[in-house]
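Scroll down for the structure; my scribbles are underneath it.
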Amino acid sequence: MNMFSKGFLAVFLLAAVLGLSACKQEGPAERAGKQVDQAVEQTGEKIDEATDAAKKKIEEAKETLDDKTK
């Protein structure tokens, strides 16, 4: 084999490996992992919303108590 043939073969094999690895479908573990990640993110957002709502209620109660004590 001459140098050109070896280079061409190497490029061809590399392209084939990269192409085939891009076609790999996700397995059940990867899908489950993504679903868990999404659930954790959604739960975190809901916790943040609940925390903000609780802070608002506490501030409102504090203002009400301040008004009553005056």
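Since every read-out is calculated from the coordinates, none of them should be taken as a lab result. Just so it is clear, the model here is predicted, and its values are computed rather than measured. Every residue, glycine among them, receives a Cβ derived from its backbone with ideal geometry; neighbour counts consider all protein chains shown.
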Report summary line: Across all Cα atoms of segment 24-70, Rg and the largest Cα-Cα distance (Dmax), in Å, are 20.4, 70
Query raised in the report: When the Karplus curve 6.51 cos²θ - 1.76 cosθ + 1.60 is applied with θ = phi - 60°, which whole-Hz ³J(HN,Hα) does each residue of segment 56-70 get, with x for Gly and Pro?
Result: 5, 4, 5, 4, 5, 5, 5, 4, 5, 5, 4, 5, 5, 6, 7
**Report entry** Proximal lysines to Lys70, defined as alpha-carbon separation beneath 16 angstrom and excluding residues fewer than eight positions away on the same chain
**Finding:** Lys62
Query raised in the report: How much net charge surrounds Thr43 when only other residues with a Cβ under 12 Å from its Cβ are counted (Lys, Arg +1; Asp, Glu -1)?
Result: -4
